[in-house]
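Structure first, commentary second.
The values are calculated or read from the model by the stated rules, or taken from the named source; none is laboratory data. Here the structure is a predicted model, which is why all the values come from computation and not from measurement. In this analysis, Cβ positions are derived from the backbone assuming ideal geometry, glycine residues included, and neighbour counts consider all displayed protein chains.
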Amino acid sequence: MRESVKLKEVDLYQPIHNYFKRKGYEVYGEVKDCDIAVMKEDLLIIVELKLNLTVELLIQATKRQRLSEHVYIAIPKPKKHNPRSKKWRDTCHLLKRLELGLIFVSFTEKRKRVEVVLEPTPFHRPISMGKAKYLRQAIIKEIEGRSGDYNVGGSSRKQIMTAYRENCVQIASYLDQHGELSPKELIQMGTGKKTQSILSKNYYKWFTRIKRGVYVLSDKGKQEIKEYPDLVKYYRQ
């Protein structure tokens, strides 16, 4: 099928019909609002057809799961499909969570090709969570490193207050309040085991070493911690 010819949902039917027929299934179109119903003995497979993967299609397909555990959605293969992209990996994760299968139909002048990308298999949540355990631990560690909620959810342009940044503000607050201090003295005041690393790396250029093992707050640090008045007040109490 030439690309100049606009595809319709019905164009997906025959390639999928032929695909399941070759595998020994009986295939029927438009059965009780299902686009395609596929049968072999007691096994019922339902395929919903759309030109794009949309929320409406996902809703429609999940409703069909009331009728069968084996539900596929079928769409034309995207022209710029990149199986390594983050967007595509996230899409596959969602479909797996919904336990939906996915079929691509490719159209060229010479042939129509059906590709089963995902099978509608049960989603194993414990396995999925196990794979993400390091991210979960990182989230918990980040939360434990914060003294409170200083960010607004959904912010994209505003600088995020991370546990690391807060630790830097804490150190800067003590230096501003007490003057020159050593890493040991700061740790005794509660700045934590990363104090020496933070001072040495000096990522924000807030700290100045005036002699071996002794630091003060730089002019840049004095100016920039003013952007965090609530946090500075918290650590000076």
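Within region 1-88, which strands (runs of 3 or more DSSP E) (wholly inside it) include 2 or more residues that are more than 30 Å from the chain's Cα centre (by Cα) and among the hydroxyl-bearing types (Ser, Thr, Tyr)?
none
Considering region 34-52 alone, what residues qualify as being surrounded by 11 or more Cβ atoms within 10 Å (Cβ to Cβ) and out of contact with any helix residue (DSSP H, G or I) (no Cβ under 7 Å at 6 or more places or on another chain)?
Within region 34-52, 35, 37, 39, 40, 43, 44, 45 meet the criteria.
If we keep just the residues of region 183-237 that are in contact (Cβ under 8 Å) with a residue 40 or more places away in the chain and basic (Lys, Arg), which is surrounded by the most Cβ atoms within 10 Å (Cβ to Cβ)?
Across region 183-237, the extreme among qualifying residues is 222.
Contact list please: Cβ distance under 7 Å, first residue in region 135-159 and outside the structural domain of residue 232 (by TED's automatic domain parsing), second residue of a type in the set (A, V, I, L, M, F, W, C) and modelled with pLDDT of 70 or more, pairs at least six apart or on different chains.
Cβ pairs passing all conditions: 142/163; 145/163; 146/163; 150/161; 150/231; 151/160; 151/161.
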